[in-house]
Each structure stands twice: as structure tokens, then as C-alpha cells.
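Colleague: Handing you this structure, nothing more for now.
Bear in mind these aren't lab numbers, they're just calculated from the coordinates by the rules spelled out. Just so it is clear, the model here is predicted, and its values are computed rather than measured. Note: ideal-geometry Cβ built from the backbone for every residue, glycine included; neighbour counts use all protein chains shown.
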Amino acid sequence: MILSISATLSVLLYCFRYQAAGIFTDSPEVSAMAVSLFFLLFAYQFGDGLQLCFANVLRGIQDVKPIMYAAFVSYYIIAIPSAYLLGFKAGLGIHGIWLGFPIGLTLAGIFFYARYRSDLKKFSKQED
């Protein structure tokens with residue numbers, strides 16, 4: 001559900017990207033840069049929705065310790081270095097920086113989902 005809402009809002013924002021960028025600045029250069037980043041917002045929204053959904057599922061079943069470890073690895077070990085490498089070393093600039101963060105968010109979501117699936121198997125074995 002959260003992923004479909006994120007996708008819908010991202011599509012709407014992409015359709016009105018020029019107007020949305022114009023709300024925050026009068027500068028044509030800044031507006032053009034912001035418009036070029038809206039496509040990367042899709043990847044960001046997907047990763048953020050995924051990790052948010054499964055992090056809260058794990059919180060709901062009181063399995064919070066793995067969230068801390070997975071979030072640390074995903075954000076500090078993967079996302080920040082990826083953003084740095086893509087933005088500065090690969091020469092992608094602001095686009096590389098914006099691409100690095102969805103990598104970490106999506107990876108966190110995958111970690112959280114995998115943990116949820118393993119917890120689900122434990123719970124189903126306890127019921128048997």
C-alpha cells in the first residue's frame with residue numbers, strides 16, 4: 001500500500017515538476033537543477049517506502065535490535081560512501097549524491113524484509 005501511494009505521489013510530482021521547482025526558487029539555474037533531480041526522487045521514494053514499511057512491521061512485532069544494525073550498515077556503510085563515490089569520484093555531481101541515498105534506503109528495506117520473513121517463519125513454527 002505504501003509503495004503504491006509513494007508511486008502515485010511521485011508520478012504526480014513528476015508531472016508537475018516545473019511548477020514544484022518554481023515554488024522554491026526564482027532562479028532558472030536552481031529550478032533546472034531541481035527539475036533534473038525529480039526522476040531520482042522515484043528511486044528515493046521507493047527505497048524510503050520499502051524501509052519505512054518493514055521497519056515499522058519489525059517494530060510492531062518488537063524485533064527492533066536488527067533495525068539498528070541494518071540501518072547503520074545501510075546508511076553509514078553503504079549510502080554515504082555510495083553518494084560520495086557516485087557524486088565526486090564518478091563525476092555525477094548532485095545526481096550521484098541523490099542516487100547514493102536510495103541505494104542505502106532500498107538495501108535497508110531489503111534487510112528489514114528479510115528479517116521479517118525469518119521472523120514469520122519462527123512464528124509459524126511456534127504455532128505448530
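Colleague: Give, rounded to the nearest 20 debye, the magnitude of the charge dipole that the stretch 39-127 has about its Cα centre when Lys and Arg contribute +1 at Cβ and Asp and Glu contribute -1 at Cβ.
Modeller: Numbers: 8 positive and 4 negative charges, 50 e Å.
Dipole magnitude for the stretch 39-127 comes out near 240 debye.
Colleague: Run the numbers on the chain and let me know its relative contact order in percent, using alpha-carbon pairs under 8 Å that are six or more apart. If you can, show how the numbers build up before the last one.
Modeller: Values: 132 pairs, mean separation 35.7, N = 128.
Dividing the mean separation by the residue count of the chain yields 28 percent.
Colleague: Once label points are set 7 Å from the Cα along Cα→Cβ at both V57 and I2, what is their separation, rounded to one decimal in nm?
Modeller: Those two pseudo-labels are separated by 1.0 nm.
Colleague: Give, as ranges by residue number, the residues of the stretch 76-112 whose backbone N falls under 17 Å from the point 7 Å along Cα→Cβ of K65.
Modeller: Under cut-off, by backbone N: 112.
Colleague: Still on this structure: Can you match Cα Rg over 2.2 N^0.38 Å to one of these, (1) 0.96; (2) 1.27; (3) 1.66, based on a calculation from the structure here?
Modeller: Correct label is (2).
Colleague: A further question on this structure: Do any chymotrypsin sites (Phe, Trp or Tyr not before Pro) in the stretch 1-62 lie in a DSSP loop with no more than 15 other beta carbon atoms within 10 Å, and if so, which?
Modeller: Working: sites: Y14, F16, Y18, F24, F38, F39, F42, Y44, F46, F54; in loops: F16.
In loop regions of the stretch 1-62 (DSSP not H, G, I, E or B), the sparsely surrounded chymotrypsin sites (Phe, Trp or Tyr not before Pro) are F16.
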